[in-house]
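To start, the structure under review is shown below, and the notes come after it.
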Amino acid sequence: MTLQRIKTLTQFIVERQSQYPQAKGALTRLINDIATAAKIVNREINAAGLVDILGFEGADNIQGEAQKKLDVYANERFIEALKGGGECCAIASEENEKIISFQNEFSEMGKYVVAIDPLDGSSNIEANVSIGTVFSIYRRISDLGGGKLEDMLQPGINIVAAGYVIYGSSTMLVYSTGHGVNGFTLDPSVGIFCLSHPDMRFPEPPTIYSINEGKYASFPAGVKKYIKYCQVEDPVSFRPYTSRYIGSMVADFHRNLIKGGIFMYPGTTKQPKGKLRLLYECNPVAFIAEQAGGRASDGYKRILEIEPKTLHQRSPLFIGPKSMVEKVEEFLSKPAND
Ligand code: AHG
Ligand code: MN
Ligand code: MN
């Protein structure tokens, strides 16, 4: 690797920022803070097989799901980094029931708020399967002082920047500030994210569908029909599609962004709103998908246009190349007995 050919994350965001003379660098610093915390979390994840950090922490998170120690660790690292960075006045995390508002500290002056799932796919940790972090950044709408709930309950169309980190066979940070999507791979020997995937787009033709088919019986009729459609042989439309499902949304989404495919987490009879959380799971990947030329929908409407009512609300998610998402929406819009 020759130095001339490497563009680091820091160089990249500084270059991008210089295209906007009015920018004061706050967003740049905020993304850097997230990248720093991600490196620390990455180090811990890599060491997880060596130290006794795996297993249940004991407490349940507010959704009643058992927390693993690494969820707690990752949550703490991101909160520390964002609080210490001073650009963010509040955080909404999957792991905390209420928002974390930075009151009476220099961070209360921060212009931004962050919604984050510090560790996504945590049930996969013991199996050494890829996991991730997902985040989105909004400009605060409240006056100065610690961030408020209203700052967090903004629709995804207000996102200023969003991204994810995938801790996989290599560690990557993929993010967008609304001008395309770029991916950076961590060089672990020097601890630097390097631009490896410039201007990411869903490739054509897409050929993958990803869904937990174990829940087939309780999916809406339109989803069942779409799954069957994916399995039909039709060489003209490159079907049957291949089925791939990891069970870590970040990893499933990332693979589908690289290889071309749709990821679906529909509502079920038991959970009509599905499992994934709108603010810190669906919205950030929806923002990335749209910036990569794709679409993200709850089956009927654009994810980014949903007005959040509560911090931890869930939404069905259909995300991927536009043509695939529009197809499943078409199936969902038809009467059940059609
Ligand atoms: P988390 O680990 O943050 O709770 O998220 C897990 C999510 C998501 O990553 C994944 O797509 C989904 O759970 C998998 O759910 P199923 O096991 O129901 O398929
Ligand atoms: Mn998650
Ligand atoms: Mn999580």
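Magnitude of the charge dipole for the chain, about its Cα centre and with charges confined to Cβ atoms of Lys, Arg (+1) and Asp, Glu (-1), is about 720 debye. Estimated at 0.36 nm per residue, the fully extended path between Ser243 and Asn158 surpasses their Cα-Cα distance by 27.3 nm. Using C-alpha pairs under 8 Å with a sequence gap of at least 6, the mean separation divided by the residue count of the chain gives a relative contact order of 15 percent. Helices in the chain, meaning DSSP H runs of at least 4 residues, each add -39500 (n - 2.57). Divided by all residues, the mean residue ellipticity at 222 nm is -8500 deg cm²/dmol. Extension gain for Ile141 to Arg201 (0.36 nm times residue separation, less C-alpha to C-alpha distance): 18.5 nm.
Sites count as exposed loop sites when they are trypsin sites (Lys or Arg not before Pro), lie in a DSSP loop, and have at most 13 other Cβ atoms within 10 angstrom; the longest stretch of the chain without one is 99-269. Listed by Cβ neighbour count within 10 Å, with the fewest neighbours leading, Met249, Met200, Met324 appear as Met200, Met249, Met324.
Each Lys or Arg adds one and each Asp or Glu subtracts one; over the other residues with Cβ under 9 Å from the Cβ of Ile246, this totals +1. Annotation: lysines with alpha-carbon distance below 21 angstrom to Lys327 (same-chain offsets under eight excluded): Lys215, Lys224, Lys225, Lys228, Lys259, Lys273, Lys301. Along the chain, the longest continuous region that contains none of the GluC sites (Glu not before Pro) in a DSSP loop with at most 16 other C-beta atoms within 10 Å is 106-232.
For the stretch 9-197, the antiparallel share of DSSP beta bridges with both residues in that region comes to about 85%.
Can you give the angle from 0 to 90° between the axis of helix 221-231 and the longest principal axis of the chain, with both taken from C-alpha atoms, to the nearest 10? Between helix and principal axis, roughly 80 degrees. Under 5 Å from the amide H of Asp187 lie the amide H atoms of Ile192, Phe193, Cys194, each residue being 5 or more positions distant or on a separate chain, with H modelled from the backbone and absent for Pro and chain starts. Only beta bridges with both residues in the stretch 159-290 are counted; by DSSP, about 75 percent of them are antiparallel. Placing +1 on each Lys and Arg Cβ and -1 on each Asp and Glu Cβ, with no other charges, gives the stretch 208-333 a dipole about its Cα centre of roughly 320 debye. When the chain is treated as a GNM with alpha-carbon contacts under 10 Å, the residue of Asp234, Asp187, Asp71 showing the greatest mean-square fluctuation is Asp234. Taken along the Cα-to-beta-carbon direction at a fixed 7 Å, the label points for Ala217 and Glu126 span 2.5 nm. If R0 is 35 Å, what FRET efficiency do you get for Glu105 and Glu233 from their C-beta distance, rounded to 0.05? My answer for the efficiency is 0.05. Taking every lysine pair in the stretch 9-197 that is 8 or more places apart or spans two chains, those with Cα atoms closer than 18 Å amount to 8. Summarising the strand pairing of the chain, around 80 percent of its internal DSSP beta bridges are antiparallel. Considering only alpha-carbon pairs that sit under 8 angstrom and 6 or more positions apart, the relative contact order computed for the stretch 9-197 is 15 percent. The charge dipole of the stretch 108-245, taken about its Cα centre with unit charges on the Cβ atoms of Lys, Arg (+1), Asp and Glu (-1) only, comes to about 380 debye.
No lab work stands behind these numbers, since they all come straight from the coordinates. Model, not experiment: these values are computed from the prediction. Cβ sites come from the backbone with ideal geometry, for glycine too, and all protein chains shown count toward neighbours.
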